[in-house]
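Step one of this worksheet: look at the structure below.
The values are calculated or read from the model by the stated rules, or taken from the named source; none is laboratory data. This structure is a prediction, so every number in the text was calculated from the model and none was measured. Glycine also receives a Cβ, built like all others from the backbone with ideal geometry; neighbour counts cover every protein chain displayed. Heads up: the accessible areas ignore ligands, DNA and RNA and are worked out on the full protein's heavy atoms, side chains in. Shrake-Rupley method; radii C 1.70, N 1.55, O 1.52, S 1.80 Å.
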Amino acid sequence: MKKLQAGVLGAGHLGKIHLRLLEQSESYDLVGFYDPDKNAAAALAEKEGYTAFDSIEELIAAVEVVDIVTPTVVHHEMALQCLAAGKHVFIEKPITQTVAQAEEIVALANEKGLKGQVGHVERFNPAFKAIKSHIENPMFIEAHRLAEFNPRGTDVPVILDLMIHDIDVILSVVNSKVKNVSGSGVSVISETPDIANARIEFENGCVANLTASRISLKNMRKTRFFQKDAYIAVDFLTKKVEVVKMKDAPKEPGEFDLILQNAEGVKKQIYFEPPTIEESNAILEELDTFADSINNNTEPIVTLGHATEALRVAHQIISCFK
């Protein structure tokens, strides 16, 4: 498989992680990076041996794929510049600040015949990957994503900072259009909401209840899916899952079989079906699968369109706060 020449825009906390993983990857040759902080860029280049480019234009010209790990406020500008130059783009989440900006990126990528993927990394979480095939027509979903306070990321509402991960995951498993969105949020420390709750109703009757906070005393990233004859829970933080299913009870249950009987006298057997969880680095995997989509001309796992829809729902929630 052809190794792709890749460069990184932005060398902050997450940018450094991307640089390290691209250097390790079998799918890319890391060409270098650009960061507007010249002193920090020079120090990083000296410490790690990466090539620091003097301008965005020079970096773009030297690579085939640009990994955009900048603040969200410049995602739109950076992505358009890269696409206009004929480069494939990986963009950290959220794709942009506004839906109109995201749609512009989608349109240009389509016009140029270029690939784009967005860093909704929970799609690659080993626990979620292990249980995704078990999720079939969920009708109620409950997600909690709580984080201890960190000033990094408070330039956007907690919806775009944290909850958008769960919005994307939920949209990826519910095979129905969004019918209605409602929500409430409170600004505690920041100028934008730091804690929020949202309810997403789908046309098929599924309801998702999401809570996100960046002012909690502990970290939590749990989602529970309820569907006919099954309860599925995924802990994105500890990478553990629970799959509890029901089936018709045998005529002669075993001594240790768990049997439930409803008011109509129907008996069901409860059983556990824990899937195998294969350890992996989710960020490295999302970058590698993007390379695969470029080399094989297939659709990326998290497309620019998927990220745009997640952003659209996120803004519908944010609009409830006004």
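Descriptive notes on the structure:
- At 0.890 mPa s and 25 °C, Stokes diffusion of the range 146-244 via Kirkwood alpha-carbon radius, µm² per second: 170 µm²/s
- The antiparallel fraction among DSSP beta bridges confined to the range 1-151 stands at about 0%.
- Note, ³J(HN,Hα) from phi for the range 212-226, Karplus 6.51, -1.76, 1.60, rounded to Hz, x at Gly and Pro: 9, 8, 10, 10, 8, 8, 9, 8, 8, 9, 10, 9, 10, 10, 10
- Normalised by the number of residues in the range 148-269, the mean separation of alpha-carbon contacts (under 8 Å, six or more apart) gives a relative contact order of 17 percent.
- Surface composition of the chain: carbon and sulfur make up 50 percent of the accessible area, probe 1.4 Å.
- Net charge of the neighbourhood of residue 222, taken over other residues with C-beta under 13 Å away and scored Lys/Arg +1, Asp/Glu -1, is +1.
- Additional length obtainable on full extension of the chain from residue 55 to residue 3, 0.36 nm per residue less Cα span: 16.3 nm
- Under a 5 Å amide H cut-off, with hydrogens placed 1.01 Å from N, residue 258 pairs with 270 among residues at least 5 apart or on other chains.
- Dimensions of the chain along the principal axes, based on C-alpha atoms and rounded to the nearest Å, stand at 74, 48, 40, largest first.
- Å² per residue, accessible surface of the chain at 1.4 Å: 48 Å²
- Converting phi to 3J(HN,Hα) with the Karplus coefficients 6.51, -1.76 and 1.60 and the offset θ = phi - 60°, the range 129-139 yields 4, 5, 9, 4, 5, 7, 7, 10, 6, x, 10 Hz in sequence order, with x at every glycine or proline.
- Taking amide H positions as modeled 1.01 Å from N, with prolines and chain starts lacking one, the residues under 5 Å from residue 68 and 5 or more places away or on another chain are 9, 90, 91, 92.
- Note on the range 101-170: with charges restricted to the Cβ of Lys and Arg (+1) and Asp and Glu (-1), its dipole about the Cα centre is near 320 debye.
- Applying the Kirkwood pairwise sum to the alpha-carbon positions of the range 151-208 produces a hydrodynamic radius of 12.3 angstrom.
- For the range 180-322, pairs of C-alpha atoms spaced more than 20 angstrom apart make up 69 percent of the total.
- In order along the range 70-82, the Karplus-derived 3J(HN,Hα) couplings, from 6.51 cos²θ - 1.76 cosθ + 1.60 at θ = phi - 60°, round to 9, x, 3, 4, 10, 4, 4, 4, 5, 5, 4, 5, 5 Hz, and Gly and Pro are given as x.
- Sparse-neighbourhood loop sites, GluC sites (Glu not before Pro) in the range 170-209 - DSSP loop, at most 13 other Cβ within 10 angstrom: 191, 203
- Calculated mean residue ellipticity, 222 nm, the chain: -9500 deg cm²/dmol, from DSSP H runs (n ≥ 4) at -39500 (n - 2.57) each, averaged per residue and rounded to 500.
- In the range 1-64, the GluC sites (Glu not before Pro) that fall in loop regions by DSSP, at most 10 other Cβ within 10 Å: 26
- Around residue 134: net Lys/Arg minus Asp/Glu count, Cβ-Cβ under 13 Å: +1
- Taking every DSSP bridge with both residues inside the chain, close to 65 percent are antiparallel.
- Modelled FRET efficiency - R0 25 Å, residue 37 with residue 98, Cβ distances, 0.05 increments: 0.45
- Residue 222 contributes about 100 Å² of solvent-accessible surface, heavy atoms of the protein only, 1.4 Å probe.
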